[in-house]
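Report on the structure given below.
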Amino acid sequence: MRADILATRLLPGQELHIAGLAKQFSVSLAAVREGLSRLVADGLVQASDQRGFRVSPVSLADLADVTQMRIDIEGLALRRSIERGDDAWLASVKSAWADLKAVPYRYPDDPTVHYEEWVVRHRIFHRALVNACGSSWLLGFRDVLHEQSERYRRLAIRREVGKPRDVEAEHKAIVAAVVKRDADAAVRALSRHFGVTKEFVELAASRIAAVSSST
């Protein structure tokens, strides 16, 4: 269920029926309820006594809040990683960056869909950047915010407006600053990267809203 929500196969606002999910995933009703409870705690699902469960809706206000919190939290984690990370950490960043570049951003025959392996490697790359921050709490908050923003990014790519974006260049700027151990430049590049994602989601907002309102 988490994967389907993050990949927007389950759309914002969509009702989640326990019996239907149990049949779909071949699990018990109790397992579905437990899974939904965890997703509620993570903010990906909403629960109502009157209306049951539904995928948490999206909004531009929430997008702005999530983006700013990512800049604040992940920026802090990146700064600490640059200050504390050893050569092994730096090598892991370079390796994750090389792995990400090796796969396409989109499916060649359908540019409105992310290449799934890119999504996996993208998550690994951004986590590698902050892994040396030295705080499990900080990383935990960062991971929750990453998941929240992932839904917006996946929705936006499905409904892009045709404006070009060079994601690889954005990542390259972050890595270049990290390699130099220039924390200020790295945080600026990371903030710009998140800001561009926010901009693209805002450009696709009318299309996203149309899909959300139809569920």
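Look at VAL113 and say whether it is among the hydrophobic types (A, V, I, L, M, F, W, C), open to solvent by less than 70 Å² (accessible area, probe 1.4 Å) and modelled with pLDDT under 95.
yes
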Q.
Tell me yes or no: at least one residue of the stretch 94-109 is in contact (Cβ under 8 Å) with a residue 40 or more places away in the chain, touching a strand residue (DSSP E or B) at 6+ places or on another chain (Cβ under 9 Å) and farther than 30 Å from VAL40 by Cβ.
A. yes
Please tell me if ALA132 is outside any helix (DSSP H, G or I) and open to solvent by less than 40 Å² (accessible area, probe 1.4 Å). yes
Wholly inside the stretch 1-87, helices (runs of 4 or more DSSP H) that include 1 or more residues that are exposed (fewer than 14 other Cβ atoms within 10 Å of the Cβ) and of a type in the set (Lys, Arg) are 18-25, 29-41, 60-84
By residue number, the members of the stretch 155-174 that are modelled with pLDDT of 90 or more and open to solvent by 60 Å² or more (accessible area, probe 1.4 Å) are GLU168, LYS172
Out of (1) of a type in the set (A, V, I, L, M); (2) out of contact with any strand residue (DSSP E or B) (no Cβ under 6 Å at 6 or more places or on another chain); (3) modelled with pLDDT of 90 or more, the one VAL45 does not meet is (2)
A careful count of residues in the stretch 1-19 that are more than 26 Å from TRP118 (Cβ to Cβ), without any contact (Cβ under 8 Å) to a residue 40 or more places away in the chain and not aliphatic (A, V, I, L, M) gives 1
| task | Say whether the condition of being in contact (Cβ under 8 Å) with a residue 12 or more places away in the chain and among the small types (Gly, Ala, Ser) is met by at least one residue in the stretch 20-34. | result | no
Pairs returned, first residue in the stretch 132-154 that is under 16 Å from ASP72 (Cα atoms), second residue that is among the polar types (S, T, N, Q) and outside any helix (DSSP H, G or I), beta-carbon separation under 8 angstrom, 6 or more apart or interchain, are LEU139/ASN131
Listed by first then second residue, the pairs whose first member lies in the stretch 47-64 and is closer than 15 Å to ILE18 by Cβ, whose partner is charged (D, E, K, R) and not in a helix (DSSP H, G or I), with beta carbons under 8 Å and at least 6 positions apart or on separate chains, are SER48/ARG54; ARG51/GLU15; GLY52/GLU15; PHE53/GLU15; ARG54/GLU15
Of the listed residues (GLU34, GLU74), the one being more than 21 Å from the chain's Cα centre (by Cα) and at pLDDT 90 or above is GLU34
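The values are calculated or read from the model by the stated rules, or taken from the named source; none is laboratory data. Quick caveat, the model's predicted, so the values are computed rather than measured. Ideal geometry is used to build each Cβ from the backbone, glycine not excepted, and the neighbour counts take in all protein chains shown. Remember, those area values only see protein heavy atoms, side chains included, never the ligands or the DNA or RNA. Shrake-Rupley method; radii C 1.70, N 1.55, O 1.52, S 1.80 Å.
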